[in-house]
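The structure under discussion appears below in the form of structure tokens.
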Amino acid sequence: ILIDGLDVRTLNRSKMRQMRRKIGMVFQNYNLIEPLTVLENVLHGTLGGKPTLLGILSIYSDREQQEALALIKEMGLEEFAFKQCKDLSGGQKQRVGIARALMQHPQIFLCDEPVASLDPKSATLVMDILRSLAIEKEMTIVVTLHQVELAKEYADHIIGLRAGSVVFDGPSSALDVAAIRTIYD
């Protein structure tokens, strides 16, 4: 796996930590701390670039707090900023996860099945957000999906894997029935 020309498998611990700061992760299962508020979870996106003691004590600058609140608003969650994440829907939790990842100022977003457990309306909203990030913030976003129609609708480029090998690599417009069979049959 190469990121910025670096093979991540060869990085030492310190270099790997620096690399991880450049990568925003959005998880299928949200990876939120449910008893904490939306704001607190979003602020946790700063922990990778913060001295350990400040992170342990949950000390955030005014700038970090304002940025987190702005991202929460951008995700359409301003009314939930001070509510615990355990009280949110799946789509709302996923948007908190996106806001948390954006707090890192990543160069690339890796999204592991970000809509797998969401209803169709929430899935569309999350995919719309990811697409707008790619376009407006000129971010590279890599999304793993099993929903072929969503992949075709939202992706510029699709890589199909089967048993760990690439069996399709091309523009979404080239993903036809034969290519889909190659991936799934």
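The values are calculated or read from the model by the stated rules, or taken from the named source; none is laboratory data. Everything quoted here is computed from the prediction, not taken from an experiment. Counting neighbours? That spans all protein chains shown, and the Cβs are built from the backbone with ideal geometry, glycine included. Note: accessible area is taken over every heavy atom of the protein model, side chains too, but ligands, DNA and RNA are not part of it. Shrake-Rupley method; radii C 1.70, N 1.55, O 1.52, S 1.80 Å.
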Computed over region 44-115, the relative contact order (Cα-Cα under 8 Å, seq sep at least six) in percent reads 43 percent
Starting from the amide H of Thr140, placed 1.01 Å from N in the peptide plane, find each other amide H under 5 Å away whose residue is 5 or more places distant or on another chain.
Phe109
Per the C-alpha gyration tensor (a ≥ b ≥ c, the square roots of its eigenvalues), the chain is rounded if a/c is under 1.5, else prolate if a/b beats b/c, else oblate; here it's oblate
Heavy-atom surface of the chain, accessible at 1.4 Å and reported per residue (Å²):
59 Å²
Compute the orientation-averaged projected area for region 24-83 from the convex hull of its Cα atoms and round it to one decimal in nm².
4.4 nm²
With every protein chain left in place and a probe of 1.4 Å, what is the accessible surface of Tyr184, to the nearest 10 Å²?
110 Å²
Below 8 Å, C-alpha to C-alpha, sequence gap of six or more: please give me the relative contact order for the chain in percent.
22 percent
If I take R0 = 35 Å and measure r between the Cβ atoms of Lys83 and Ile56 in this structure, what FRET efficiency does the formula 1/(1 + (r/R0)^6) give, to the nearest 0.05?
0.90
Using the Karplus curve 6.51 cos²θ - 1.76 cosθ + 1.60 with θ = phi - 60°, work out ³J(HN,Hα) for each residue of region 23-38 in order, rounded to whole Hz, and write x for Gly and Pro.
10, x, 10, 10, 9, 4, 9, 6, 6, 9, 8, 3, x, 7, 6, 4
If you take every DSSP beta bridge whose two residues both sit in the chain, what share of them, in percent to the nearest 5, is antiparallel?
50 percent
Two-site FRET efficiency, Val8 against Glu113, from Cβ-Cβ distance with R₀ of 25 Å, rounded to 0.05:
0.75
Within the chain, what whole-number % of the accessible surface is contributed by carbon and sulfur, with the 1.4 Å probe and all protein chains included in the calculation?
54 percent
So what J values fall out for region 107-116 if you push phi through Karplus, 6.51 cos²θ - 1.76 cosθ + 1.60 with θ = phi - 60°, rounded to Hz, Gly and Pro as x?
8, 9, 10, 10, 10, 8, 6, x, 10, 4
